[in-house]
Amino acid sequence: MTYQGLLHKYGYLLDLPYYTQTVSLLEGNTPLIKADRLSRELGGGFELLIKYEGLNPTGSFKDRGMTAAVSEALGRGATTVICASTGNTAASAAAYAARAGMKSIVLIPQGKVAAGKLAGAIAYGAQVIQVDGSFDDALTMVIEITNKHPICLVNSINPHRIEGQKTAAFEICDRLDSAPDWLCLPVGNAGNITSYWAGFKQYDEMKATGLPQVLGVQAAGAAPLVAGHPVEYPETVATAIRIGKPARGEQALQAAEASNGRIIAATDEEILTMQKALAVLEGIWVEPASAAGLAGLAVEIEHGTLNVKGKRVVAICTGHGLKDPEIITHDMQKPLIVPPRLDALEEVILG
Ligand code: AN7
């Protein structure tokens, strides 16, 4: 049967109100790609699979939660959605609101949102507002305004977002017939790690698929869950996870602990090195934040603190590389220019 989106496929497993009215872009159903060359680069002896969430309709995993949140909002008769965002939530909210015939308002930290995300939000017709502050400031503002006015909040503190994002865990278990040994993923506002853990637990209770150990990875300059306190001025090249006060931080720590996993930090350099390795070794180009989970895995393997031998590891790559082209182009060497002649081309290629 043709694929009809996440709510159609998994809606019966999600705690959504009866009045929910499906708004879908046929999100989800993303591939789990074997990454043998990268596995070998990391020392080998284990199976590495990449869940490529950048292949969702707006280029990130946010679409899983957004189909649920906007469907609930539409069914309830809401006419406007709002979110604070480092970019991907904004683009996703804008797209699903457009499809639902609703208005979307997105608050972003000034100057800190990657070009592909800002362009997306504008293209889908959102009202984009820059906040002279951090993501955390913007989130506080959207919570306050939605407490006062009938505007639907679609950040991941909206429980329907979590319901929708559980589907990624379901897909992994359906593909592998069990949970992986380890799951590694980036952590920003901590909605996704919360959702995965809820999804794996639910499937395990229903189908005895087992539970993964969870490795959550923050960027070193924005690692409140590692530091044990909020970070007032988070800073990282991985702007998607430039978050100092995660709304679901407690749940993230609980998931890590309950799974016998942990939350660690990776430096910007480690993140960018992994972004490059994934692209050149596997042909999978992700935005910097999306490489954080794997960067953390690499650090743990290198330090000998995580034994992956004989294990199956699933890495969640949350957003597409096209979201943030400037990370690649801003300091690249300009491609060589040749005259339009074969001999010139031969000279360049063959020396
Ligand atoms: C590519 O879009 O918070 O831990 O406002 O865009 O669930 O927050 C984005 C987060 C990982 C972290 N990877 O997920 C936003 C936003 C990418 C992301 C995360 C984000 P959470």
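Points to keep in mind about this one:
- Value of Rg to Rh for the chain, rounded to two decimals, is 0.99; Kirkwood radius and Rg both from alpha-carbon coordinates.
- P(r), alpha carbons of the stretch 254-351 - 5 Å bins starting at zero, rounded %: 2, 11, 16, 18, 14, 11, 9, 7, 5, 3, 2, 1, 0
- Over the stretch 252-301: Rg over Rh, Cα atoms, Kirkwood Rh: 1.05
- Extents of the stretch 62-158, taken as max minus min of Cα coordinates on every principal axis and listed largest first, are 35, 28, 20 Å.
- Paramagnetic reach from Glu257 in the stretch 181-198 [backbone N under 18 Å; point 7 Å along Cα→Cβ]: 190-191, 193-195, 197-198
- Residue range of the chain that is longest and free of chymotrypsin sites (Phe, Trp or Tyr not before Pro) which are both DSSP loop and sparsely packed (at most 16 other C-beta within 10 Å): 20-351
- Maximal additional length on extending the Ala227-Thr79 stretch stands at 49.3 nm, based on 0.36 nm per residue less the C-alpha distance.
- Net length available on complete extension from Met206 to Ala119 is 27.2 nm, with 0.36 nm assigned per residue and the Cα-Cα distance removed.
- Residue-wise HN-Hα coupling along the stretch 166-176, computed from phi with Karplus coefficients 6.51, -1.76, 1.60 (Hz; x: Gly, Pro): 4, 4, 5, 5, 4, 4, 4, 5, 5, 6, 9
- On the chain, 53 percent of the accessible area sits on carbon and sulfur atoms, based on a 1.4 Å probe.
- Mean ellipticity per residue at 222 nm, deg cm²/dmol - from DSSP H runs of n ≥ 4 across the chain, formula -39500 (n - 2.57): -12500 deg cm²/dmol
- DSSP bridge orientation in the stretch 1-119 - percent antiparallel, rounded to nearest 5: 40
- Rounded FRET efficiency, nearest 0.05, which uses the C-beta distance separating Leu322 from Gln21 and R0 of 41 Å: 0.85
- The DSSP beta bridges internal to the chain are antiparallel in roughly 15% of cases.
- Around the amide H of Gln127, modelled in the peptide plane, lie the amide H atoms of Ser104, Ile105, Val106, all under 5 Å away and 5 or more residues distant in sequence or on another chain.
- Distance distribution P(r), the stretch 24-111, all Cα-Cα pairs, bin width 5 angstrom from 0: 3, 14, 20, 17, 13, 10, 9, 7, 5, 2, 1 percent.
- Rounded accessible area per residue of the chain, 1.4 Å, Å²: 43
- Label positions at Lys148 and Ile33, each projected 7 Å from the Cα along the C-beta direction, are separated by 4.5 nm.
- Under 15 Å, Cβ to Cβ, from Pro109 - net charge with Lys/Arg +1 and Asp/Glu -1: -2
- Unsatisfied cross-links (Cα-Cα over 19 Å) in the set Lys34/Lys309; Lys34/Lys62; Lys9/Lys323: Lys34/Lys62; Lys9/Lys323
- Global geometry of the stretch 185-288, whether rounded, prolate or oblate, following the gyration tensor of its Cα atoms and the 1.5 cut on a/c: oblate
The values are calculated or read from the model by the stated rules, or taken from the named source; none is laboratory data. Owing to the predicted nature of the structure, the values given are computational and were not obtained by experimental measurement. Backbone-built Cβ (ideal geometry, glycine too); neighbour counts: all protein chains shown. Heavy atoms of the whole protein, side chains included, go into the accessibility calculation; ligands, DNA and RNA do not. Shrake-Rupley method; radii C 1.70, N 1.55, O 1.52, S 1.80 Å.
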